[in-house]
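Down below is the structure, laid out as structure tokens.
The values are calculated or read from the model by the stated rules, or taken from the named source; none is laboratory data. From a predicted model like this one, the values you see are computed outputs, not experimental measurements. FYI the Cβ positions are ideal-geometry reconstructions off the backbone, even for glycines, and counts take in every protein chain you see.
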Amino acid sequence: MGQKSNPRRVGEMEARAFSRSIRVSPRKLNLVAEAIRGKSAEAALAELSFNPRRVARDVKRVLQSAIANAENNHQLDVDRLVVAQAFVGKALVMKRFHARARGRAGRVVKPFASLTIIVREREEQKETA
């Protein structure tokens, strides 16, 4: 009698995590997301742990959430996970002003960004000897 379940947004061997509003410009967030694309989940976590940018902490939190989703909700092997996609979107922009000289106002924009990380389980590689 309940509502029908929504179709999966990602593939059978994938899991995703999403953060809606991170207080940083999308351009700066994309620099950190670019650093982890295509890497194994373990290497990406290590990369984010030592990345000097402030937003790396938020990206690391989203990546850990994607790994937990893969393990707990989709029963994927954590050791074989790879960051398949990491993409950044634009969220709201707060507009503020600073009082300037002679009664003028200087505009200040405070952008927010969203982040989606999709992890995929790597296929077993066949060894040819």
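So, residue 41, is that one modelled with pLDDT of 95 or more, closer than 20 Å to residue 8 by Cα, within 18 Å of the chain's Cα centre (by Cα) and aliphatic (A, V, I, L, M) or not?
Details: modelled with pLDDT of 95 or more: yes; closer than 20 Å to residue 8 by Cα: no; within 18 Å of the chain's Cα centre (by Cα): yes; aliphatic (A, V, I, L, M): yes.
So residue 41 does not fit the description; no.
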Quick check: anything in region 103-110 without any contact (Cβ under 8 Å) to a residue 40 or more places away in the chain and within 27 Å of residue 11 (Cβ to Cβ)? no
Taking region 13-27 and keeping only residues that are in contact (Cβ under 8 Å) with a residue 40 or more places away in the chain and not β-branched (Val, Ile, Thr), one is left with 13, 14, 15, 16, 17, 18, 19, 20, 21, 23, 25, 26
Checked against (1) in contact (Cβ under 8 Å) with a residue 60 or more places away in the chain; (2) under 23 Å from residue 20 (Cβ atoms), residue 65 satisfies every condition except (1)
Quick count over region 1-38, residues being over 11 Å from the mean Cα position of the chain (by Cα) and among the β-branched types (Val, Ile, Thr), is 2
